[in-house]
2 protein chains.
Amino acid sequence: MSTPDFARLPGFRDFVPEDLAVRSHVFDTWRRVSGTYGFREYDGPPLEPLDLYVEKSGEEIVSQLYNFTDKGDRAVSMRPEMTPSLARILGERSRGMSKPIRWFSIPQLFRYERQQRGRLREHFQWNVDVVGEADEAADAEVLAVALDALRAFGLTAADIHARVSDRRLLAALLAHFGTDEAQHAAAFGIIDKIERAPREKTLERLSAECGLEAASAARLTALLDDTVGDVAAVRRAFGDDEGVAAALEPVERYLATLDALGLGPFVTFDLTIVRGLAYYTGIVFEVFDRAGELRAVCGGGRYDRLLELVGGEPLPAVGFGMGDVVLGELLAEKGLLPDTTHTTDYFIVTIGDETRAPALGLARRLRDAGHSVTYALRDSSVRKQFKAAENEGAAAVVVLGPDELAKGVAVVRDMRSGGEREVGLDSIGVGVNDGAAGPDAPADGGGSA
Amino acid sequence: MSTPDFARLPGFRDFVPEDLAVRSHVFDTWRRVSGTYGFREYDGPPLEPLDLYVEKSGEEIVSQLYNFTDKGDRAVSMRPEMTPSLARILGERSRGMSKPIRWFSIPQLFRYERQQRGRLREHFQWNVDVVGEADEAADAEVLAVALDALRAFGLTAADIHARVSDRRLLAALLAHFGTDEAQHAAAFGIIDKIERAPREKTLERLSAECGLEAASAARLTALLDDTVGDVAAVRRAFGDDEGVAAALEPVERYLATLDALGLGPFVTFDLTIVRGLAYYTGIVFEVFDRAGELRAVCGGGRYDRLLELVGGEPLPAVGFGMGDVVLGELLAEKGLLPDTTHTTDYFIVTIGDETRAPALGLARRLRDAGHSVTYALRDSSVRKQFKAAENEGAAAVVVLGPDELAKGVAVVRDMRSGGEREVGLDSIGVGVNDGAAGPDAPADGGGSA
């Protein structure tokens with residue numbers, strides 16, 4: 001018999017209250033910004049049939065999954081991504097729904113990754129999708145909501161930018177340079193890795209694997225470099241190619257839409273963005289820190305064939321995922337994490353047994369009005385009770401002594417200013433400036449109405 | 001090769017937006033009420049070492065778990081309950097923390113239960129615990145927060161009540177009737193099932209398994225029946241027994257504390273409440289619908305030895321779990337589920353290409369002010385756009401036509417009243433009564449400041 005192992009599994013996180021407060025700030029911001037775009041939240045099970053993932057990503061994915069056989073002999077997996085669940089859910093019900101469907105979710109996702117310097121095996125990911133609309137306005141809408149969330153965290157265009165491309169445009173350019181459509185997937189793979197590969201290696205692979213002549217390969221890579229941030233340069237150089245010209249139009253409208261949404265400074269056209277996953281069919285994007293030090297904060301694009309693949313209605317779709325881990329690193333680096341100091345509105349100090357019941361009655365009234373209230377859970381000295389009030393981050397301490405109680409008042413101490421005054425018991429927490437703010441009160445410490 | 005199976009696993013739920021809205025209402029209420037008591041949210045991993053559960057509950061539990069061997073050859077399990085994770089987390093860090101620790105969590109939990117009429121294999125459970133305080137005031141605090149949440153959902157003392165007992169008092173009474181301490185566990189088990197067993201069977205088992213004489217067994221069961229809602233009757237009948245008298249004191253103070261918190265009408269003293277699980281050591285409770293038609297909405301109690309068991313600091317603790325499923329059934333039955341109709345504040349209708357960019361600029365400003373805004377994602381007729389606005393539940397439609405645009409105005413239609421008026425573009429959403437309420441606006445439709 002082995003020794004019981006109670007340690008947390010490697011790659012998993014505990015969220016003690018300080019960490020949970022950061023997570024809640026992130027989730028709340030994601031939800032709030034999703035709401036401003038009319039996206040509605042959904043969720044699916046964290047455990048799904050294994051086939052759902054194998055069908056989309058192939059057998060290779062199984063080595064990265066938390067998969068097992070359940071007690072009913074079903075091959076199941078903890079979800080490594082959300083899109084297959086979305087496709088399954090919509091597959092069952094999209095036919096009766098008005099389009100476009102604007103949904104978001106914040107699932108926890110699981111991958112059995114090789115452990116390397118703090119790499120996690122779970123993370124939370126904000127998933128946003130527009131389903132049922134092929135127009136690039138839908139692509140702009142999902143990038144806009146991603147960027148607006150990042151703005152809401154306090155990030156600016158000096159901190160982050162979205163690198164955007166369109167696989168259809170890249171395909172048109174590859175065709176222009178003489179590749180066959182059958183070689184596009186290989187070319188996408190090579191260009192996807194272009195930043196991390198020596199240039200000669202890229203050129204060599206483009207020739208060997210995609211049939212490009214050396215000069216064409218060199219011209220293609222130069223084009224990828226030279227047009228960063230400058231879609232107009234593509235039109236100037238290749239606008240005469242009918243295929244390229246047609247493929248440019250949706251990209252140009254997409255960029256113009258983002259401009260009109262006030263997000264132009266956050267967007268960089270960049271043909272080297274491909275997104276490794278095979279199922280994207282059009283515009284793709286990744287959001288990076290400008291310094292380029294972190295992995296992508298967010299990535300997504302158009303996947304017009306996925307829903308059909310898992311048995312649903314053939315519907316165009318575009319979406320992205322934004323994980324909590326890289327985002328958290330970025331916010332920490334920029335000093336944008338929220339203050340997670342624990343606070344409560346009131347701590348009630350009692351003096352003597354007979355003040356206990358009135359204290360609890362006061363707590364009842366204050367809590368029903370939305371205030372947070374704590375007090376000692378056993379008899380203790382006034383000094384110890386004040387110490388506990390400090391530990392609870394109390395904005396105000398209400399001292400209930402027998403003499404005050406007889407007069408129907410209490411002494412309220414504002415813990416920030418240290419000022420004390422007598423307040424009628426019925427007036428505590430009722431709009432008076434007693435140092436404690438209710439949940440809806442303005443930040444200046446006024447009570448709620 | 002088998003046919004790919006994309007169906008949702010049995011016993012798991014999808015949450016489409018209508019369902020997710022109900023879930024959010026439940027979670028938000030749990031969080032808000034937790035906050036009024038100064039409880040802080042935490043979370044742990046949904047996957048833990050199998051040993052963590054076996055140590056607490058014995059090998060029998062494994063048959064009910066979603067357990068498997070991960071790719072690193074670790075015996076792991078999806079979490080069936082939260083308390084072991086809490087004990088593990090506090091075991092690592094409680095020594096440096098000021099007590100009492102007031103934490104809550106809303107984990108999703110997983111059990112491989114035999115499938116029977118809609119019985120689920122996952123649910124969400126609000127877990128609330130006070131750790132580090134042995135005084136019964138802590139027991140009262142956790143029951144109070146549970147009852148306050150149920151009140152916040154709109155439930156009254158006519159709908160629900162908490163049935164409360166204390167294992168120490170029951171033990172003292174069992175001792176009074178002549179059982180050995182070694183027989184208490186067996187007696188607890190029999191009394192735990194008393195409502196579902198024929199009375200003769202109970203009496204027979206009390207005699208056979210706990211060594212009670214037939215007359216004592218009859219007196220004991222009569223006592224259990226007769227003292228429901230009447231702890232004073234226990235003191236009248238057995239107050240002369242020193243052990244019983246001592247065990248009554250914390251129960252009496254507990255009930256008085258709940259009274260002082262204004263929750264007396266929600267609380268019924270009931271010695272038949274035992275809670276099946278072995279690790280409770282004191283006061284225990286279960287909240288039921290008054291009609292007694294549903295399973296317990298919530299159950300918990302004091303577990304003073306659990307933290308030590310998984311290697312932590314020996315700390316007294318009390319807590320409960322409230323699941324979302326039975327609660328949802330109860331709220332549905334009482335007509336207390338929230339309205340989940342989807343709404344947005346504004347839908348912007350554009351007429352002609354040149355109004356598109358100004359429309360997006362207006363959307364940008366309205367969203368930054370916290371309003372929800374949608375619009376068509378492709379060119380379509382005004383009629384279709386109004387139809388889409390209805391689908392989005394828009395409170396107001398802003399119509400941007402070329403003529404209005406030239407004048408710097410738009411026509412705003414209040415979708416409830418049908419009234420229309422011209423509004424300056426810069427004034428839309430700025431505190432004017434245009435029919436759309438911002439997220440912070442009063443329900444009467446005034447805009448936010």
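Output yes when any residue across the range A:406-424 is surrounded by fewer than 15 Cβ atoms within 10 Å (Cβ to Cβ) and either under 26 Å from residue B:146 (Cα atoms) or in contact (Cβ under 8 Å) with a residue 40 or more places away in the chain (or both), and no when none is. No. Taking the range B:210-236, which residues are surrounded by fewer than 16 Cβ atoms within 10 Å (Cβ to Cβ) and more than 22 Å from residue B:165 (Cα to Cα)? B:213, B:214, B:215 - these are the residues of the range B:210-236 that are surrounded by fewer than 16 Cβ atoms within 10 Å (Cβ to Cβ) and more than 22 Å from residue B:165 (Cα to Cα).
Each residue in the range A:152-181 was checked for being of a type outside the set (A, V, I, L, M, F, W, C), part of a helix (DSSP H, G or I) and in contact (Cβ under 8 Å) with a residue 24 or more places away in the chain, and 3 of them qualify. If the requirement is being over 29 Å from residue B:25 (Cα atoms) and part of a helix (DSSP H, G or I), which of these qualifies: B:60, B:133? Step by step, each of B:60, B:133 is checked, and only B:60 is over 29 Å from residue B:25 (Cα atoms) and part of a helix (DSSP H, G or I). Of the residues that sit in the range B:213-263 and are away from every other protein chain (no Cβ under 14 Å) and polar (S, T, N, Q), which one is nearest to the chain's Cα centre (by Cα)? So the residue we want is B:227. Only residues that are within 30 Å of residue A:405 (Cα to Cα), without any contact (Cβ under 8 Å) to a residue 40 or more places away in the chain and surrounded by 15 or more Cβ atoms within 10 Å (Cβ to Cβ) were counted in the range A:321-360, giving 3.
Criterion applied to B:63, B:57 was being within 8 Å of another protein chain (Cβ to nearest Cβ), at pLDDT below 95 and farther than 18 Å from residue A:64 by Cα, and the one residue passing it is B:63. State whether one or more residues within the range A:16-37 are within 7 Å of chain B (Cβ to nearest Cβ) and in a strand (DSSP E or B). Taking every residue of the range A:16-37 in turn, none turns out to be within 7 Å of chain B (Cβ to nearest Cβ) and in a strand (DSSP E or B).
All conditions in (1) in contact with a Leu (Cβ under 8 Å, 6 or more places away or on another chain); (2) more than 8 Å from every other protein chain (Cβ to nearest Cβ); (3) β-branched (Val, Ile, Thr); (4) farther than 23 Å from residue B:17 by Cβ hold for residue A:76, with the sole exception of (2). Of all residues in the range A:300-316, none satisfies being free of Cβ contacts under 8 Å to residues at least 60 places away in the same chain and touching a strand residue (DSSP E or B) at 6+ places or on another chain (Cβ under 6 Å).
Conditions tested, residue by residue: (1) surrounded by 20 or more Cβ atoms within 10 Å (Cβ to Cβ); (2) touching a Pro at 6+ places or on another chain (Cβ under 9 Å); (3) within 21 Å of residue B:46 (Cα to Cα); (4) of a type in the set (Ser, Thr, Tyr).
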{"position": "A:8", "(1), (2), (3), (4)": "no, yes, yes, no"}
{"position": "A:19", "(1), (2), (3), (4)": "no, no, yes, no"}
{"position": "A:32", "(1), (2), (3), (4)": "no, yes, no, no"}
{"position": "A:36", "(1), (2), (3), (4)": "yes, yes, no, yes"}
{"position": "A:46", "(1), (2), (3), (4)": "yes, yes, yes, no"}
{"position": "A:54", "(1), (2), (3), (4)": "no, yes, no, no"}
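Within the range A:194-208, the set of residues being of a type outside the set (Gly, Ala, Ser) and loosely packed, with under 15 Cβ neighbours inside 10 Å comprises A:195, A:196, A:198, A:199, A:200, A:201. Could you run through the range B:146-163 and say how many residues are facing another protein chain (nearest Cβ under 9 Å) and closer than 22 Å to residue B:275 by Cβ? Summing the residues that are facing another protein chain (nearest Cβ under 9 Å) and closer than 22 Å to residue B:275 by Cβ in the range B:146-163 gives 1. Look through the range A:79-116, keep the residues that are among the polar types (S, T, N, Q) and in a strand (DSSP E or B), and return whichever of them is farthest from the other protein chains (Cβ to nearest Cβ). Among those that are among the polar types (S, T, N, Q) and in a strand (DSSP E or B), it is A:105.
If you go through the range A:390-408, how many residues are closer than 15 Å to residue A:346 by Cβ and over 35 Å from the mean Cα position of the chain (by Cα)?
Residues meeting the conditions: 5.
Being at the interface with chain A (Cβ under 7 Å from one of its Cβ atoms), in contact with a Gly (Cβ under 9 Å, 6 or more places away or on another chain), among the hydrophobic types (A, V, I, L, M, F, W, C) and in contact (Cβ under 8 Å) with a residue 24 or more places away in the chain: is that true of residue B:6 here?
No.
When you check residue A:282 against the structure, is it modelled with pLDDT of 95 or more, within 18 Å of the chain's Cα centre (by Cα), among the small types (Gly, Ala, Ser) and buried (at least 20 other Cβ atoms within 10 Å of the Cβ), yes or no? So residue A:282 fails the test.
Here is the figure for the range A:283-332: residues that are among the small types (Gly, Ala, Ser), over 13 Å from residue A:146 (Cβ atoms) and within 14 Å of chain B (Cβ to nearest Cβ) total 3.
Restricting attention to the range B:385-398, report how many residues are without any contact (Cβ under 8 Å) to a residue 12 or more places away in the chain and more than 11 Å from chain A (Cβ to nearest Cβ).
Going through the range B:385-398 one residue at a time, the tally reaches 0.
Within the range A:369-381, the set of residues being more than 18 Å from residue B:139 (Cα to Cα) and more than 8 Å from every other protein chain (Cβ to nearest Cβ) comprises A:369, A:381.
The values are calculated or read from the model by the stated rules, or taken from the named source; none is laboratory data. The model shown is predicted, which means the values in this text are computed figures rather than measured ones. With ideal geometry, Cβ positions are generated from the backbone for all residues, glycine too; neighbour counts draw on all protein chains shown.
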